[in-house]
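Worksheet: the structure to be examined is printed underneath.
A short reminder: the numbers here are calculations on the coordinates, not readings from a lab. Treat the numbers as computed from the prediction; the structure is a model and nothing was measured. When we count neighbours, we look across all protein chains shown, and the Cβ atoms used for this are built from the backbone with ideal geometry, even at glycine.
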Amino acid sequence: MAHKLFIGGLPFSTSSERLREVFAQAGGVESATVVMEQGTGRSRGFGFVEMATARRRTRRSRSSTARTWMAGS
């Protein structure tokens, strides 16, 4: 069963593919989606990642790598 994570504070330049790449380092990403505005197609600065297991989800959400990437990209 997948565990869905809310990922906030993303740079507006973040793509769904990049979000998947970063979280895939912990393994088991089932989906990654950056939410876009319907009218403009611009990122809203948040998204969702579905991880295969809660253990991997917790490890990635606490990872300094994820925090650094989200703050610096």
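Just a few scattered comments:
- FRET efficiency estimate (nearest 0.05) - Cβ-Cβ, S15 to Q38, R0 30 angstrom: 0.95
- Linear extension gain, L5 paired with F46, 0.36 nm per residue minus alpha-carbon span: 13.7 nm
- Neighbours of V35, meaning other residues whose beta-carbon lies under 11 angstrom from its beta-carbon, give a summed charge of +1 when Lys and Arg score +1 and Asp and Glu score -1.
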